[in-house]
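Undergrad: Here it is: the structure, laid out below.
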Amino acid sequence: MASAVSNLLIYQGADFITDFTIENDNGTFFNLTGYTAECKIKKNYTSSTSVTVNVQILNPPTAGQIQLGLGNTTTTAMKPGRYVYDVVITSITGQKTRVLEGTVSVLEGVTL
């Protein structure tokens, strides 16, 4: 399974929710049964600080869908600018696979 690239847009001070479908190389849905998922946003790849993104594996897990989310308190605290992120899934046996990555643009809010 190759890592997909998707660039995200987050509005400072607003809730952020987006869904993704993870697919096998042949185009079928990846079965996420028994997997966990995590996502971090950093200013750059070597940054020592990060924002932890809430990741849910949606039901049914056989459909390969995950949801990324941040609350408005978290997005308010993020400075406008460009960031990087990735999503890593972990199997029951501990094997980690990066399934999604890209850039994040945080746009400044007026009504905070």
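Undergrad: Among the residues of the stretch 19-46, write down those that are farther than 21 Å from residue 93 by Cβ, within 14 Å of the chain's Cα centre (by Cα) and loosely packed, with under 14 Cβ neighbours inside 10 Å.
TA: Within the stretch 19-46, 19, 21 meet the criteria.
Undergrad: I would also like to ask the following. Can you work out which of the residues in the stretch 36-46 that are of a type in the set (S, T, N, Q) and part of a loop (DSSP other than H, G, I, E, B) is farthest from residue 83 (Cα to Cα)?
TA: Filtering the stretch 36-46 for residues that are of a type in the set (S, T, N, Q) and part of a loop (DSSP other than H, G, I, E, B), the one farthest from residue 83 (Cα to Cα) comes out as 46.
Undergrad: Looking at the stretch 64-99 only, could you name the residues that are surrounded by 14 or more Cβ atoms within 10 Å (Cβ to Cβ) and either more than 22 Å from residue 16 (Cβ to Cβ) or modelled with pLDDT under 95 (or both)?
TA: 90, 97, listed by residue number.
Undergrad: Six or more apart or on different chains, Cβ under 8 Å: which pairs go from a residue in the stretch 97-112 that's more than 9 Å from residue 13 (Cα to Cα) to one that's assigned to a loop (DSSP other than H, G, I, E, B) and among the aliphatic types (A, V, I, L, M)? Could you list them?
TA: From residues that are more than 9 Å from residue 13 (Cα to Cα), the pairs are 97/1; 99/1; 99/22; 100/22; 106/78.
Undergrad: State whether the residues of the stretch 18-35 include one that is among the aromatic types (Phe, Trp, Tyr), touching a residue at least 60 places away in the same chain (Cβ under 8 Å) and either in a strand (DSSP E or B) or out of contact with any strand residue (DSSP E or B) (no Cβ under 9 Å at 6 or more places or on another chain) (or both).
TA: There is at least one residue in the stretch 18-35 that is among the aromatic types (Phe, Trp, Tyr), touching a residue at least 60 places away in the same chain (Cβ under 8 Å) and either in a strand (DSSP E or B) or out of contact with any strand residue (DSSP E or B) (no Cβ under 9 Å at 6 or more places or on another chain) (or both).
Undergrad: Can you pull out every residue in the stretch 1-54 that is among the aliphatic types (A, V, I, L, M), at pLDDT 95 or above and over 27 Å from residue 106 (Cα atoms)?
TA: 32, the sole residue that qualifies.
Undergrad: Applying the selection to the stretch 63-82, what residues are farther than 30 Å from residue 28 by Cβ and of a type in the set (A, V, I, L, M, F, W, C)?
TA: Hits for the stretch 63-82 are 77, 78.
Undergrad: Criterion first (under 15 Å from the mean Cα position of the chain (by Cα) and farther than 25 Å from residue 92 by Cα) does residue 10 satisfy it?
TA: When the stated conditions are applied, residue 10 passes them.
Undergrad: Kindly check whether there is at least one residue in the stretch 47-60 that is surrounded by fewer than 17 Cβ atoms within 10 Å (Cβ to Cβ), among the aliphatic types (A, V, I, L, M) and farther than 23 Å from residue 84 by Cβ.
TA: Looking through the stretch 47-60, at least one residue is surrounded by fewer than 17 Cβ atoms within 10 Å (Cβ to Cβ), among the aliphatic types (A, V, I, L, M) and farther than 23 Å from residue 84 by Cβ.
Undergrad: Checking residue 107 against (1) surrounded by fewer than 12 Cβ atoms within 10 Å (Cβ to Cβ); (2) out of contact with any helix residue (DSSP H, G or I) (no Cβ under 9 Å at 6 or more places or on another chain): exactly one of these is not met. Which one?
TA: Of (1) surrounded by fewer than 12 Cβ atoms within 10 Å (Cβ to Cβ); (2) out of contact with any helix residue (DSSP H, G or I) (no Cβ under 9 Å at 6 or more places or on another chain), only one is false for residue 107: (1).
The values are calculated or read from the model by the stated rules, or taken from the named source; none is laboratory data. Nothing here was measured: the structure is a model prediction, and the numbers come from that model. Please note: Cβ atoms are built from the backbone with ideal geometry, for glycine as well, and neighbour counts cover all protein chains shown.
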